[in-house]
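Visitor: Questions regarding the structure given below will be posed in turn.
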Amino acid sequence: MAFQMGRVTDCEGRIQRDFTEFARLWVKVREDWLDDRCRKFEQEHLSSLGPSLNRFSGTLHEFCDAVRKADIELKDNDVLPDGLD
């Protein structure tokens, strides 16, 4: 039985879309909020989001590849030699 990766990839897509929407909204907010508090907030809370999302995405792809390889290996082990079933 293969591990279904659809939900995992759906979640990744949803996170990517939500981040893109957030970034779009943040640009609009920054147009009106141009002071030291804005810059401090952006530096302390937002500057690491993009790189963190990229690392998460890369790690998730590695995880999916490992699961796919494991599924292939497990399928090969499902076939028993003659007389052992």
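What follows draws every value from the coordinates through simple rules; no lab data is involved. This one's a predicted model, so the numbers in the text were calculated from it and none came from an experiment. As a convention, Cβ positions derive from the backbone with ideal geometry for all residues, glycine included, and neighbour counts pool all protein chains shown.
Visitor: Nearest 0.05, what FRET efficiency do Ser48 and Lys69 give at R0 = 35 Å with Cβ-Cβ as r? List each step's numbers first, then the result.
Guide: Details: r = 31 Å, r/R0 = 0.88.
Computed FRET efficiency for Ser48 and Lys69: 0.70.
Visitor: Let me ask you something else. Report, in deg cm²/dmol and to the nearest 500, the calculated mean residue ellipticity at 222 nm for the chain, where each DSSP H run with n ≥ 4 adds -39500 (n - 2.57) and the sum is divided by the residue count. Write out the running numbers ahead of the final one.
Guide: Numbers: 3 runs with 62 residues, N = 85.
About -25000 deg cm²/dmol.
Visitor: Here is a further query. Can you sort Val27, Val67 so the residue with the fewest Cβ neighbours within 10 Å comes first?
Guide: Working: Val27 9, Val67 15.
Taking fewest neighbouring Cβ atoms as first place, the list is Val27, Val67.
Visitor: Out of Asp65, Asp36, Asp18, any idea which swings most in a Gaussian network model of the chain, alpha carbons joined below 10 Å?
Guide: Maximum among the listed residues: Asp36.
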